[in-house]
Amino acid sequence: MSENLMDKVVSLCKRRGFIFHSSEIYGGLSNTWDYGPYGVELKNNLKRSWWKSVVYERDDVFGMDAAILMHPKVWEASGHVENFFDLKSDCKSCKKRFKVADIKERKKCPECGGELTEARPFNLMFKTHQGAVEDAASSIYLRPETAQGMFVNFLNILDSKHPKLPFGLAQIGKAFRNEITPGNFTFRTREFEQMEIEYFVRPEEADEKLEEWIEARFNWYLNLGIRKDNLRQHPHGKDELAHYAKACTDIEYNFPFGWSELEGIANRTDFDLRQHSQASGKDLQYFDNVAKERFYPYIIEPSGGVDRSVLALLVDAYNEEKVKDDLRVVLKLHKDLAPVKVAVLPLLRNRPEIVELAKKIARNLKKSVVTVYDDTGAIGKLYRRQDEVGTLYCVTVDVQSLEDKQVTVRHRDTMQQERVSIDNLKNYLEEKLA
Ligand code: ATP
């Protein structure tokens, strides 16, 4: 199945309303994607789970939401203006552009065999202009990572929260990179969302804290139900490290197109705080008032992609099962991630009392659980539709429900059914979903 698993997931995403091609009615903007009704729920659930695990369940990490636009000097100090580029080469015949790192036979175009131009650096930052005048002084960048918004607020956090080391900042937000070779659906795009933590530590603790974060982050993916066989750690060799990093380990997922990075956990040393101190003239050192010493903390950075995680979760959860003569497609997403928790379905849609009761049950459940009501097809079709989007429980209201005040609850993964009294339904579901 793995050969066409990607095609199946992409098709399900469009068919059922998870992910659409951006600006599709105009022919689509290449490699740009919009999240539909189920996609946005899945994405929000994922972000909520991340925030809960790195902010709410810890005492030492604070949340932030910095602006996408930042002072242009940030990107000079961070090294992005000078170092954030890929080498590119263009084909002189077919005009296609390639990332040099991706081409094995470097002299010829991999598509048409044509002659390639000399490799040239290509900065990945999107440049635009702020304000009405387009001149060099108004040039500004769309941030290529959310991290810098946390470094430049380091003093504000010290002055407002007075935290003791080690402590961290966490934020989720959009980042932009003018990638030379975007592709593989939402895996590599030019606009994407990151979930990043900047964890400030004493330099001598950095190696230990790096290991702790690698383990914590790896376990987070496992706890979301991703199959262990499909996850691995990849420690970077010296030649793979970014310009600011001393060490880095990637968490990789076994995508249908091969093992690829979901998240990188790096030791950024004191590079960023030093650079911003020098460039801004503000002292970004930490003062330890017990040891009476002033120093630049090291930074451990777990940096993951929302879109890549969503893609991994969709691929991992996609299942096809043979049920009698039928093929059941079911997304076995973790209960915290499933876009819809409960669907209420009337067994007979031409019986007003049944429809009425089903609607009433759905209205009541909606107050505490994400619930949908659907009466637009026969029950078999309604079940299939809910399975495909990963709905955890289907509640069916039938003729007998009118008499015994019970409904049938069908479990997504096992397809087992049980009768539950309507009075107890809300408690029953809330317990299962807790
Ligand atoms: P890659 O090597 O795949 O280009 P990277 O090492 O440059 O990724 P980082 O700079 O470490 O990526 O960014 C942190 C995370 O942000 C990545 O692990 C990934 O999940 C996400 N990310 C980075 N670039 C993209 C992109 N173009 N599209 C989608 N997500 C991305």
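The values are calculated or read from the model by the stated rules, or taken from the named source; none is laboratory data. Quick caveat, the model's predicted, so the values are computed rather than measured. Backbone-built Cβ (ideal geometry, glycine too); neighbour counts: all protein chains shown. Side chains included, ligands, DNA and RNA excluded: accessible areas come from the protein's heavy atoms. Shrake-Rupley method; radii C 1.70, N 1.55, O 1.52, S 1.80 Å.
Lysine pairs, Cα distance under 14 Å, 8 or more residues apart or cross-chain: how many in region 340-433?
Going through region 340-433 pair by pair, I get 10.
Assuming a ≥ b ≥ c are the square roots of the Cα gyration tensor eigenvalues, decide whether region 261-382 counts as rounded (a/c under 1.5), prolate (otherwise, with a/b larger than b/c) or oblate.
Working: a/c = 5.14, a/b = 2.65, b/c = 1.94.
Verdict is prolate for region 261-382.
Probe radius 1.4 Å, ligands and nucleic acids left out: which of 402, 210 has the largest accessible area, and how do the rest follow? If you can, show how the numbers build up before the last one.
Numbers: 402 50, 210 10 Å².
Highest to lowest solvent-accessible surface, that is 402, 210.
Taking a probe of 1.4 angstrom, what is the accessible area of residue 234 in Å², to the nearest 10?
My reading of the accessible area for residue 234 is about 50 Å².
Compare 59, 207, 374 by solvent-accessible area with a 1.4 Å probe and give them largest first, with all protein chains kept in place. List each step's numbers first, then the result.
On the way: 59 150, 207 95, 374 20 Å².
The residues order as 59, 207, 374, largest area first.
Contact order normalised by length for the chain, with contacts defined as Cα pairs under 8 Å and 6 or more residues apart; what percent is it? Please list the in-between numbers first.
On the way: 770 pairs, mean separation 54.4, N = 434.
Once divided by the residue count of the chain, the mean separation gives 13 percent.
Could you tell me whether region 192-283 comes out rounded, prolate or oblate from its Cα gyration tensor? Rule is a ≥ b ≥ c as square roots of the eigenvalues, rounded for a/c under 1.5, then prolate if a/b exceeds b/c, otherwise oblate.
Values: a/c = 2.22, a/b = 1.97, b/c = 1.13.
Since a/c reaches 1.5 and a/b is larger than b/c, the shape of region 192-283 is classed as prolate.
Kirkwood hydrodynamic radius for region 1-153: how many Å is it when counted over pairs of different Cα atoms?
Working: mean 1/r = 0.0503 Å⁻¹.
Evaluated on region 1-153, it is 19.9 Å.
For the chain, report the translational diffusion coefficient in µm²/s to the nearest whole number, using Stokes-Einstein at 4 °C, 1.567 mPa s, and a Kirkwood Rh over Cα pairs.
Details: Rh = 24.6 Å.
For the chosen part, D equals 53 µm²/s.
Kindly provide the trypsin sites (Lys or Arg not before Pro) of region 400-434 that DSSP labels as loop, not H, G, I, E or B, and whose Cβ sees at most 16 other Cβ atoms within 10 Å. Present the calculation step by step, with values, prior to reporting the outcome.
Working: sites: 405, 410, 412, 419, 426, 432; in loops: 405, 412.
Hits after loop and neighbour filter: 405.
Taking 8 Å as the Cα distance limit and 6 or more residues as the minimum spacing, I'd like the relative contact order of region 340-433 as a percentage. Let's see the in-between values first.
Numbers: 149 pairs, mean separation 26.7, N = 94.
Once divided by the residue count of region 340-433, the mean separation gives 28 percent.
Would you mind getting the Kirkwood hydrodynamic radius of region 340-433 from its Cα pairs, rounded to one decimal in Å?
Details: mean 1/r = 0.0776 Å⁻¹.
Hydrodynamic radius (Kirkwood, Cα pairs) of region 340-433 is 12.9 Å.
Among the helices of the chain (complete DSSP H runs), which have Cα atoms covering no less than 15 Å along the helix axis and a Kyte-Doolittle mean of at least 1.0?
Numbers: long enough: 2-16 (21 Å, -0.57); 37-51 (21 Å, -1.13); 206-223 (25 Å, -0.97); 306-317 (16 Å, 1.28); 352-366 (21 Å, -0.26); 379-389 (16 Å, -1.15); 422-433 (17 Å, -0.89).
For the chain, where a helix must reach 15 Å along its axis and average at least 1.0, the hits are 306-317.
Could you state the number of Å between the C-alpha centres of region 339-415 and region 199-249?
The two parts, judged by their Cα centres, are 43 Å apart.
Given axes a ≥ b ≥ c from the Cα gyration tensor, I'd like to know whether region 90-176 is rounded (a/c under 1.5), prolate (a/b larger than b/c) or oblate. Let's see the in-between values first.
Numbers: a/c = 4.47, a/b = 2.05, b/c = 2.18.
Because a/c hits 1.5 or more and a/b fails to exceed b/c, region 90-176 counts as oblate.
If you filter region 402-434 for GluC sites (Glu not before Pro), then keep DSSP loop positions with at most 15 other Cβ within 10 Å, what is left? Intermediate results must be reported in sequence, preceding the final value.
Details: sites: 403, 418, 430, 431; in loops: none.
Sparse-neighbourhood loop GluC sites (Glu not before Pro): none present.
List the residues whose amide H sits under 5 Å from the amide H of residue 305, counting only those 5 or more places along or on another chain, with H placed 1.01 Å from N in the peptide plane.
195
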